[in-house]
1. Does residue 126 satisfy the condition of being part of a helix (DSSP H, G or I), of a type in the set (Lys, Arg) and within 17 Å of the chain's Cα centre (by Cα)?
2. Could you go through the range 279-286 and let me know if any residue there is polar (S, T, N, Q), assigned to a helix (DSSP H, G or I) and touching a residue at least 24 places away in the same chain (Cβ under 8 Å).
3. Can you find, within the range 63-92, the residue that is farthest from residue 259 (Cα to Cα) among those that are open to solvent by 60 Å² or more (accessible area, probe 1.4 Å) and in contact (Cβ under 8 Å) with a residue 60 or more places away in the chain?
4. Can you tell me which of 256, 261 is modelled with pLDDT under 90, at negative phi and surrounded by 21 or more Cβ atoms within 10 Å (Cβ to Cβ)?
5. Among (1) touching a Cys at 6+ places or on another chain (Cβ under 9 Å); (2) open to solvent by 40 Å² or more (accessible area, probe 1.4 Å), which single condition is residue 229 missing?
6. Please specify each residue of the range 171-185 satisfying the condition of being surrounded by fewer than 19 Cβ atoms within 10 Å (Cβ to Cβ) and under 20 Å from the mean Cα position of the chain (by Cα).
7. In the range 1-109, which helices (runs of 4 or more DSSP H) lie fully inside it and hold 1 or more residues that are of a type in the set (Asp, Glu)?
8. Suppose the filter is at pLDDT 90 or above, closer than 30 Å to residue 239 by Cβ and not polar (S, T, N, Q); does residue 98 pass it?
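The values are calculated or read from the model by the stated rules, or taken from the named source; none is laboratory data. Just so we're clear, the structure is a prediction, and the values are computed from it rather than from any experiment. So basically every Cβ, Gly included, is an ideal-geometry build from the backbone, and we count neighbours across all protein chains shown. The protein model used for the area step is the full one, side chains on, heavy atoms only, and it has no ligands, DNA or RNA in it. Shrake-Rupley method; radii C 1.70, N 1.55, O 1.52, S 1.80 Å.
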Amino acid sequence: RRLPWIAASTVAGAGALALLAWAPGVVVMAVGWCLAQAAYNAFGAALTAAVPDQVPRAQRGVVSGWLGLAQTAGIVVGTALAALSGGITAGYLACAALGLASAVPYLAVRRDLVLPRSHRPPLRPRAFVASFWIDPRRHPDFGWAFLTRMLMKLCNAMGTLYLLYYLQDQVHRPNAKTDVLVLTALYAAAVLGTAVGLGTWSDRVGRRRPFVTVAGVVMALAAAILAVWPSWPGAVTAAIVFGVGYGGYASVDFALITQVLPTAADRGKDLGLINVADALPQAVAPALAAPLVLHAGGYPTLYAVAAGFSLVGGVLVHRIRSVP
């Protein structure tokens with residue numbers, strides 16, 4: 001089942017955001033943030049697992065493109081809500097309300113494909129815990145797909161999380177918060193222009209890996225622009241190039257991953273593990289970025305390292321053998 005998890009995690013996520021809205025200190029803020037991460041990652045695992053449940057393999061490229069488009073649209077709308085709602089409390093509450101409203105039509109029109117009880121394996125706690133380890137020696141393509149996604153997402157996180165401070169400290173923009181919203185909109189427009197179209201193209205030619213490699217090169221180029229051209233025109237150019245690259249990556253990434261899942265019966269759990277490659281870079285990126293900015297050459301070093309992660313991911317995707 002997917003729908004009960006989607007419903008419960010949406011409500012839990014809204015509650016966590018409400019807690020963040022009124023957090024009186026760091027401890028409550030940390031608890032609220034951890035709850036929000038847990039809830040919305042549970043939501044993502046259930047939602048993405050519905051795709052291989054019901055979408056034929058030959059159409060997953062275009063669906064992957066739409067998923068990437070939706071994630072990017074969420075970034076833009078969330079950034080706009082946070083910037084324009086009139087404060088931290090209002091921003092969190094607006095995001096919570098939007099999350100609840102977005103889930104309603106999905107829950108209203110979709111139906112689960114429920115296995116008969118005779119097809120459901122008994123739940124044994126020890127086996128359940130052990131199932132979260134997928135041996136990369138037995139399933140190497142799953143391991144390489146996990147690593148590729150983590151590197152690409154790490155590049156994306158390092159390229160975006162410190163953008164405000166880059167504009168303030170390196171480019172010396174007086175209205176950096178507004179500029180971040182402009183750059184995010186340009187980035188999103190570029191993603192919208194590439195994600196679905198390239199996903200459709202990937203379905204037609206039946207190939208995934210070349211799209212990931214080209215996307216990795218383009219994202220690395222965007223990071224390099226930020227490293228060597230610290231100016232407003234450079235930031236605008238990088239935002240557009242980054243959006244084109246990430247749109248190309250998002251158009252095929254999810255489709256590729258659905259084709260390397262070890263077993264159909266464990267799609268939800270395995271996609272949940274893959275979602276770690278989404279969430280972990282958001283936590284790791286600041287830990288990597290801070291010492292690079294403060295002690296290892298500043299923002300040029302930060303974006304050079306981000307470019308390196310993207311290039312390595314674009315190369316390692318070719319270690320996947322079962323997907324062309």
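1. For residue 126, the condition - part of a helix (DSSP H, G or I), of a type in the set (Lys, Arg) and within 17 Å of the chain's Cα centre (by Cα) - is not met.
2. The answer is yes, given that some residue of the range 279-286 is polar (S, T, N, Q), assigned to a helix (DSSP H, G or I) and touching a residue at least 24 places away in the same chain (Cβ under 8 Å).
3. 88
4. One residue alone meets the criteria, 261.
5. (1)
6. Passing the criteria: 181, 185.
7. 26-54
8. So residue 98 passes the test.
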